[in-house]
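Note sheet for the following structure.
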Amino acid sequence: MLKLKLLPQTEDAIDAAAQVIVDLVAAQPDAVLGLATGGTMEPLYARLVAAHRDGFSFARVRTVNLDEYVGLDPRHPNSYHSYMARHFFDHVDVAPENIFIPRGEIDPQCAAAEYSALLDRLGPVDLQLLGIGANGHIGFNEPGTPLDAPTRVVELLADTISANARFFATGESVPSHAVTMGTAAILSARQVVALATGGAKAEALAAALDGPVSADCPASYLRLHPSCTLIADRAAGALLHELPATSAA
Ligand SMILES: N[C@@H]1[C@@H](O)[C@H](O)[C@@H](COP(=O)(O)O)O[C@@H]1O
């Protein structure tokens, strides 16, 4: 069942998502956390870093990231390895040996097979954090992805490449492929927290919640998950037709 938590301000949505993570780690210090990247998550990681500065520990968590660009060395400033170090891992006490992110610098098929095996070994993710692409993608599972897609190499759609171009230097080419955790692994997480903020996500959110559950909008699959909370600010929720009874003001 999908629970929608619609909050007036962006900061409220970020705080609510950060609190779910802190509560889970407090209750289960060795939880497997599924982590996401993107602009939406930057203030959320800032909240978690602030919690750590106030004494909260992530020392025993294991983390698995959703995805990585093919062809980017971990040290590339736009790799998701760099993103995670910059926004989270360099500032908290997650043990380096417990941090897992697909490898972008090796043969992509090998990277996908290795990551898939790792996810099998770790078992279901306890809490999967998810952003939503403006086209409804989750991880890098683009529109057209079936419900049970494995962890694999994917080709990014043109709109995703242009949406993510803002992070790259002018003239620098944005990677065309990625290794992503598949929809099957994402949906097998024990709990999912999806976060959407800002008006650029309003259409995707309306498609995900009000449209059919369909491969056209992989985020719509979240409605099939037994324990998913979608946290959104007012701007992201602006095009929702009917607010489910579970929504909170
Ligand atoms: N692979 C990531 C997704 O995991 C993320 O949800 C999406 C939205 O990013 P943003 O938060 O910057 O809008 O961007 C990328 O494509």
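Report the label-to-label distance for GLU203 and PHE168 in nanometres (one decimal), using points 7 Å from each Cα along the Cα→Cβ vector.
About 2.2 nm, to one decimal.
What residues qualify as long-range amide H neighbours of ALA149, i.e. H under 5 Å apart, gap of 5 or more or another chain, H built at 1.01 Å from N?
Amide H neighbours of ALA149, under 5 Å, 5+ apart: THR183, ALA184.
Treating the Cα atoms of the chain as identical point scatterers in vacuum, please give the log10 of the normalised Debye intensity I(q)/I(0) at q = 0.16 Å⁻¹, two decimals.
Result of the Debye calculation: -1.21.
List the residues whose amide H sits under 5 Å from the amide H of GLN128, counting only those 5 or more places along or on another chain, with H placed 1.01 Å from N in the peptide plane.
Result for GLN128 returns GLY34, GLN191, VAL192, VAL193.
What is the stretch 33-87 by shape, rounded, prolate or oblate, if you read a ≥ b ≥ c off the alpha carbon gyration tensor as root eigenvalues and call it rounded for a/c under 1.5, prolate for a/b larger than b/c, and oblate otherwise? Mind dumping the intermediate values first?
Working: a/c = 2.17, a/b = 1.78, b/c = 1.22.
Prolate, since a/c reaches 1.5 and a/b exceeds b/c.
For a test of the definition: using alpha carbon positions, the gyration tensor, and the 1.5 limit on a/c, classify the stretch 68-167 as rounded, prolate or oblate.
It comes out rounded by the Cα gyration axes.
Hey, with R₀ at 41 Å, roughly what FRET efficiency would ARG86 and ALA27 work out to, going by the Cβ-Cβ distance, to 0.05?
0.90
Using the alpha-carbon centroid of each, what span in Å lies between the stretch 204-238 and the stretch 98-114?
First find each Cα centre; the distance between them is then 28 Å.
Restricting the count to DSSP beta bridges whose residues both fall in the stretch 2-233, what percent are antiparallel, rounded to a multiple of 5? All intermediate terms of the calculation are to be shown ahead of the outcome.
Values: 8 of 31 bridges.
Around 25 percent of the beta bridges assigned by DSSP in the stretch 2-233 are antiparallel ones.
When ranked by the protection proxy of mean other Cβ atoms within 10 Å per residue, highest first, what sequence do the peptides 126-138, 151-163 form? Don't jump to the answer; show the numbers that get you there.
Details: 126-138: 24.1, 151-163: 17.8.
Ranked by mean Cβ neighbours within 10 Å, highest first: 126-138, 151-163.
Over the stretch 124-249, what per residue volume does the convex hull of the Cα atoms give, in whole Å³?
Details: hull volume 13.4 nm³, N = 126.
Convex hull volume per residue, Cα atoms: 106 Å³.
Counting DSSP beta bridges in the stretch 95-249, what percent are antiparallel, to the nearest 5?
Counting only bridges with both partners in the stretch 95-249, antiparallel ones make up about 35 percent.
Bear in mind that the values in this text are calculations on the coordinates, not laboratory data. This is a predicted model, so every value here is computed, not measured. Note that we place each Cβ from the backbone using ideal geometry, even for glycine, and neighbour counts take in every protein chain shown.
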